[in-house]
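The values are calculated or read from the model by the stated rules, or taken from the named source; none is laboratory data. Just so it is clear, the model here is predicted, and its values are computed rather than measured. Here Cβ is always computed from backbone atoms with ideal geometry, including for glycine, and neighbour counts include all displayed protein chains. Ligands, DNA and RNA are excluded from the accessible area calculation, which covers all protein heavy atoms including side chains. Shrake-Rupley method; radii C 1.70, N 1.55, O 1.52, S 1.80 Å.
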Amino acid sequence: MPRGMFKSGRLRKIFVRTPGGKNVVHYRQRKPSKAICGNCKKQLAGVPRELPAKMANMPKTAKRPERKYGGVLCSACTRNLLQEKARGEAQ
Amino acid sequence: MSLFEVGRLCLKIAGRDAGRKCVIVENVGEGYVVVDGSTRRKKVNIKHLEPLSEMVELKDKAGHEDVKKAFEKLGLKVWDKKSKKVSERPKKVKKVKPKKEVKAKPKKEAAKEEVNKETSLKKEKAEKKPEAKTETKAEKEVEAPMEA
């Protein structure tokens with residue numbers, strides 16, 4: 001039987017075939033959910049789906065698009081937002 | 001007349017420069033325009049621009065300096081190209097410490113030689129060396145059984 005901490009489903013299972021021919025269960029941390037747009041909830045492009053420890057070691061430019069609202073809003077929503085702002089100022 | 005004429009102040013909506021203001025400098029045609037200002041000087045699709053109500057007095061195909069002057073009047077910052085400076089390779093500097101040691105050793109040797117000359121002939125030197133070796137061997141032999 002697995003230990004209690006492994007039964008909760010917090011960790012994902014990986015079945016590994018050992019050199020002795022046994023099938024063994026390894027446990028690994030689950031990846032975080034995919035990054036989504038704050039406005040339309042679409043998946044964001046250019047934002048990697050990695051563990052926090054890996055993300056911390058990555059350069060900033062590899063973690064999000066180098067654009068205003070990059071990593072928060074999708075490109076289409078950014079465009080709409082900026083357009084609305086520009087038109088609001090004109091009036 | 002389209003809105004996208006030379007001198008029109010625009011907001012960049014798409015890409016890396018999104019959210020920055022720029023001025024149309026030249027009309028390339030086929031929906032493309034050359035833009036300069038707080039963005040990079042670039043050929044840009046009209047679809048990526050939002051025209052603003054303001055206009056700037058500019059010649060057709062105006063240079064970066066003219067745009068800079070016009071933008072300073074408006075109180076906007078201009079994106080300046082930062083040309084990279086080539087840094088020199090760090091030269092390997094030899095450490096000074098070993099040199100000092102090299103200088104120090106000969107002095108000691110010289111001192112030893114002087115002492116030897118005073119005390120006895122060179123033959124004694126030869127005798128001393130084998131003695132030292134035998135001593136070390138004897139020590140090793142003593143140590144070995146201890147370990148075993």
Within the range B:26-38, residues surrounded by fewer than 23 Cβ atoms within 10 Å (Cβ to Cβ) and β-branched (Val, Ile, Thr) come out as B:Val28, B:Val34
Residues of the range A:27-41 being under 10 Å from the mean Cα position of the chain (by Cα) and either of a type in the set (Ser, Thr, Tyr) or within 13 Å of chain B (Cβ to nearest Cβ) (or both), in sequence order, are A:Ser33
Scanning the range B:41-69 residue by residue, those at pLDDT 90 or above and open to solvent by less than 70 Å² (accessible area, probe 1.4 Å) turn out to be B:Val44, B:Asn45, B:Ile46, B:His48, B:Leu49, B:Glu50, B:Pro51, B:Leu52
| In this structure, does B:Ser38 turn out to be in contact with a Leu (Cβ under 7 Å, 6 or more places away or on another chain), within 14 Å of chain A (Cβ to nearest Cβ) and polar (S, T, N, Q)? | yes
task = Report whether or not A:Leu44 is surrounded by 15 or more Cβ atoms within 10 Å (Cβ to Cβ), within 14 Å of chain B (Cβ to nearest Cβ) and in contact with a strand residue (DSSP E or B) (Cβ under 8 Å, 6 or more places away or on another chain).
result = no
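So is A:Lys85 at pLDDT below 95 and open to solvent by 90 Å² or more (accessible area, probe 1.4 Å) or not?
Yes; evaluated as a whole, the condition is true for this residue.
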Flagged pairs (Cβ under 7 angstrom, 6 or more apart or on separate chains; first in the range A:66-91, within 10 Å of chain B (Cβ to nearest Cβ); second in a helix (DSSP H, G or I) and surrounded by 16 or more Cβ atoms within 10 Å (Cβ to Cβ)) are A:Arg67/A:Thr78; A:Lys68/A:Thr78; A:Tyr69/A:Thr78
Scanning the range A:51-69 for residues that are surrounded by 14 or more Cβ atoms within 10 Å (Cβ to Cβ) and within 14 Å of the chain's Cα centre (by Cα) gives A:Met55, A:Lys63, A:Arg64, A:Pro65
Pairs returned, first residue in the range A:29-55 that is at positive phi, second residue that is basic (Lys, Arg) and not in a loop (DSSP other than H, G, I, E, B), beta-carbon separation under 9 angstrom, 6 or more apart or interchain, are A:Gly46/A:Lys63
When you scan the range B:44-59, do you find a residue that is within 23 Å of B:Gly75 (Cα to Cα) and within 31 Å of the chain's Cα centre (by Cα), even just one? no
Counting only residues in the range A:11-32 that are in contact with a strand residue (DSSP E or B) (Cβ under 8 Å, 6 or more places away or on another chain) and farther than 20 Å from A:Ala53 by Cβ, the one most open to solvent (accessible area, probe 1.4 Å) is identified as A:Arg17
Here the residues within the range B:9-24 that are surrounded by fewer than 23 Cβ atoms within 10 Å (Cβ to Cβ) and more than 14 Å from chain A (Cβ to nearest Cβ) are none
